[in-house]
Amino acid sequence: MVRHFLDIHRLDAADLRAILDDAHARKRARKGWPQGRADADAPGKDRVLAMIFEKNSTRTRFSFDAAIRQLGGDSIIATASDMQLGRGEPVEDTARVLSRMVDAVMIRANDHEDVERFARVSTVPVVNGLTDRSHPCQILADLMTIEEHRGPIEGKTIAWIGDGNNVCHSFMHAAPKFGFHLHVACPAEYHPDLRDLEKGGAHVHLTSDPREAVKGADVVVTDTWVSMGDQDYEARLAAFEPYGVDEALMAEAADDAVFLHCLPAHRGEEVTDAVIDGPQSLIWDEAENRLHAQKAVLAWCFGAF
């Protein structure tokens, strides 16, 4: 059976835990190594990863490219406009063709349904590198970062402040799988999709009050208020103004709370310089861990464990 990595809620908790443990192990094993050296077990040896981008990318593009190389494989990168996808070729036809030419496909797409359609006919693993609905790879990197600095994620409380967006959805998917509590604070008009909220069950608490969400939290997370494709810039800035993460809000969290942001950040909007550059911020470890988490995702897709 082909192993796809499309959404966290689709995977068993045991598989997700195994992926996260493998990410930790791979990072530890490479300490001091040059970035271009392949891992000792090289589970991607002789394999090719295709990467398709419909959205701009820095961390996703570089981390996946480095990931497959460190696993011993190679990559082919294209934007949708480089391909016949950009001229209307059906997603399913592209999937059938690429399945005969590469060993896995990572897609950063506008529409989540397109990734699901691709995976339904693909005979090689498909990885969701971000869609309008979810961003599962980012959450694995975030949980990895928390565990590096604060120990096991189970039982901890994460406060999400701001837009109920794709990253928020994936945090909600992850909460019951990893056993943490998620407090989500956002304006009513920008709440998470209720279908995704339901997947979080009792592990997720939704409020419109950022201080209520942050109170005693172990981790505070935010994201940009205006994502790629959003057209209501001014309305969003007005709605989210009370949701900026500053030193006063961080003071409401636990004394040893840490701050995360998936980047890129709009400094002075969703977060102040004092927080994002401060001692509680783990954003650079978080960004690096995209590489290690995605290596583990790909290794799992290839059946390495």
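Restricting things to alpha carbons, find the Rg to Rh ratio for the chain using the Kirkwood radius for Rh.
Result: Rg/Rh = 0.96.
For n ≥ 4 DSSP H runs only, could you compute -39500 (n - 2.57) per run for the chain, divide by its residues and tell me the 222 nm figure to the nearest 500?
Value at 222 nm, helices only: -12000 deg cm²/dmol.
If I take every Cα pair under 8 Å that is 6 or more residues apart in the chain, average their sequence separation and divide by the length, what percent do I get for the relative contact order? Mind showing how you got there, number by number?
Values: 591 pairs, mean separation 63.1, N = 305.
Once normalised by length, the contact order is 21 percent.
Output the relative contact order of the stretch 171-219, whole-number percent, from Cα pairs under 8 angstrom with separation of 6+ residues.
With pairs under 8 Å counted, the relative contact order is 46 percent.
In Å², what does the accessible area per residue of the stretch 131-230 work out to with a 1.4 Å probe?
Value for the stretch 131-230: 33 Å² per residue.
Expressed as cubic angstrom per residue, what is the convex hull volume of the alpha carbon set of the stretch 1-107?
Dividing the Cα hull volume of the stretch 1-107 by its residue count gives 131 Å³.
Leaving ligands, DNA and RNA out of it, report the carbon-plus-sulfur percent of the accessible area of the chain at a 1.4 Å probe.
Of the solvent-accessible surface of the chain, carbon and sulfur hold 49 percent.
Could you give the alpha-carbon Rg of the stretch 207-246 over 2.2 N^0.38 Å, rounded to two decimals?
Here the Cα radius of gyration is 1.32 times the empirical estimate.
Take the eigenvalues of the Cα gyration tensor for the stretch 130-209, scale each by 5, and report the square roots as semi-axes in whole Å, largest first.
For the stretch 130-209, the ellipsoid semi-axes come out as 19, 14, 11 Å.
For the modelled label position 7 Å from the Cα of Asp41 along Cα-to-Cβ, which residues of the stretch 266-305 have backbone nitrogen atoms closer than 16 Å?
Within reach of a label on Asp41: 292-305.
Students often check this: by mean Cβ neighbours within 10 Å, which of 284-295, 268-279 ranks highest, and how do the rest follow? Mind showing how you got there, number by number?
Values: 284-295: 22.3, 268-279: 16.3.
My ranking of the peptides, most packed first, is 284-295, 268-279.
Mind listing the phi-derived Karplus ³J(HN,Hα) values for the stretch 233-241, rounded to whole Hz, using 6.51, -1.76 and 1.60 with θ = phi - 60°, and x for any glycine or proline?
Calculated HN-Hα couplings, in order: 4, 5, 5, 5, 4, 5, 5, 8, 3 Hz.
Within the chain, count lysine pairs with alpha carbon atoms under 14 angstrom apart where the residues are 8 or more positions apart or belong to different chains.
For the chain, the number of qualifying lysine pairs is 5.
With θ set to phi - 60° and the Karplus curve 6.51 cos²θ - 1.76 cosθ + 1.60, what are the ³J(HN,Hα) couplings of the stretch 141-154 in order, to the nearest whole Hz, using x for Gly and Pro?
Karplus-based 3J(HN,Hα) across the stretch 141-154 equals 5, 5, 5, 4, 5, 4, 5, 4, 9, 10, x, x, 6, 4 Hz.
Just to verify a number: what accessible area does Thr58 come out at with the full protein assembly present, 1.4 Å probe, Å² rounded to tens?
Per-residue accessible area (Thr58): approximately 80 Å².
Computed FRET efficiency, Cβ-Cβ of Glu92 and Asp256, R0 51 Å: what is it to the nearest 0.05?
On the way: r = 49 Å, r/R0 = 0.96.
The formula returns an efficiency of 0.55 here.
Determine, at each q value in 0.14, 0.25 (inverse angstroms), the log₁₀ of I(q)/I(0) that the Debye formula gives when each Cα of the stretch 173-271 is one equal point scatterer.
Rounded to two decimals, the profile gives -0.55, -1.51.
Quick one: compute the contact order of the stretch 172-305, relative version, from alpha carbon pairs under 8 angstrom and 6+ residues apart, as a percent.
Normalised by residue count, the contact order of the stretch 172-305 is 21 percent.
Hey, how many Å between the Cα centroid of the stretch 110-133 and the Cα centroid of the stretch 281-299?
After rounding, the separation between the Cα centres reads 21 Å.
Which value results when the Cα radius of gyration for the stretch 169-211 is divided by 2.2 N^0.38 Å?
1.06
Grab the alpha carbons of the stretch 95-248, take their convex hull, and tell me the volume per residue in Å³.
125 Å³
Translational D (Stokes-Einstein, µm²/s) of the stretch 51-164 at 37 °C and 0.692 mPa s when Rh comes from the Kirkwood sum over C-alpha pairs?
For the chosen part, D equals 210 µm²/s.
So, by mean Cβ neighbours within 10 angstrom, what's the order for 85-91, 105-111 with the highest one leading?
105-111, 85-91
Over all directions, how big on average is the projection of the convex hull of the alpha-carbon atoms in the stretch 242-305, in square nanometres?
Result: a mean projected hull area of 5.7 nm².
Would you compute the Debye intensity of the stretch 80-122 from its alpha-carbon atoms alone, equal scatterers and no solvent, and pass along log10 I(q)/I(0) at q = 0.14, 0.19, 0.22 Å⁻¹ to two decimals?
Log10 of I(q)/I(0), two decimals: -0.27, -0.52, -0.71.
The values are calculated or read from the model by the stated rules, or taken from the named source; none is laboratory data. What you are looking at is a predicted structure, and each value in this text was computed from that prediction instead of being measured. A quick note on method: Cβ atoms are made from the backbone with ideal geometry, for glycine too, and the neighbour counts reach across all protein chains shown. Remember, those area values only see protein heavy atoms, side chains included, never the ligands or the DNA or RNA. Shrake-Rupley method; radii C 1.70, N 1.55, O 1.52, S 1.80 Å.
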